[in-house]
Amino acid sequence: MAKSKAEIDKEIMYRKIMPSSTRSQPVHTEAPSSVSNMDSAPSPTSAGMADALRRSLTTPVQMRENKDSVLVNLMEELVLTRLDSTIQRFNCCRCDKCKKDIAALALNRLAPHYTVIEGNREQKQKEAEEKYASEVTGALVQAILVVKKEPRH
């Protein structure tokens, strides 16, 4: 059964936008004449995407592990330092899965605050704790209530 040009165009556009979701379906090697003015770059392969992901991940890690300075999300540090004490207060499950769920939910509620720490890490963390303590505690409490209501284990 022949498809109209509009249907073919939608399929090609979807494959270009979402290449990973169409892996099991065959990819047309020739584009119809109505799509010839679009960029003709081939859709990325899974190996190419994996290489690009590896390259993008190595740069931030190298930036974070510089000997002189460290790139830190202060909110992440605060959430992780307050996590156990807040969980104990609310008598919530302390398994690894629940802790990670709580931390993820809390961090998604908080705006990230990145900074470069050179030297005294504890001083910077103490300043951040004074400034963002109520925000972090509120986000943790809300996350604990969500996980306590519907744990994933």
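Listed values for the range 114-129 are Karplus-derived 3J(HN,Hα) couplings in whole Hz (6.51 cos²θ - 1.76 cosθ + 1.60, θ = phi - 60°), namely 8, 8, 9, 9, 10, x, 6, 5, 5, 4, 5, 5, 5, 4, 5, 5, and x replaces Gly and Pro.
For residue 150, the accessible area of its heavy atoms, probed at 1.4 Å with every protein chain present, is near 130 square angstrom. May I ask you to list the residues of the range 128-148 whose amide nitrogen lies under 13 Å from a point 7 Å from Cα along the Cα→beta-carbon direction of residue 89? Zone members listed by number: 133-145.
Over 22 Å apart at the Cα level, from the set 100/149; 97/148; 124/148; 97/126; 100/148; 99/149, are 124/148; 97/126. Per-residue Karplus couplings for the range 139-149, computed as 6.51 cos²θ - 1.76 cosθ + 1.60 with θ equal to phi - 60°, are listed in order as 5, 5, 4, 4, 5, 4, 4, 5, 5, 5, 5 Hz, Gly and Pro entered as x.
Each Lys or Arg adds one and each Asp or Glu takes one away; over the other residues whose Cβ falls under 14 Å from the Cβ of residue 85, this sums to +2. Over the range 70-153, Cα pairs under 8 Å with separation of 6+ residues give a relative contact order of 48 percent. Rolled with a 1.4 Å probe across the full set of protein chains, the surface gives residue 100 an accessible area near 130 Å². Can you compute the modelled spin-label distance between residue 109 and residue 146, with each label point 7 Å from Cα toward Cβ, in nm? Using points 7 Å along Cα→Cβ, the separation is 0.8 nm.
The values are calculated or read from the model by the stated rules, or taken from the named source; none is laboratory data. Model, not experiment: these values are computed from the prediction. Positions of Cβ are backbone-derived with ideal geometry, glycine not excepted, and every protein chain shown enters the neighbour counts. Each accessible area value is taken on the protein alone, full model and side chains, heavy atoms only, with ligands, DNA and RNA left out. Shrake-Rupley method; radii C 1.70, N 1.55, O 1.52, S 1.80 Å.
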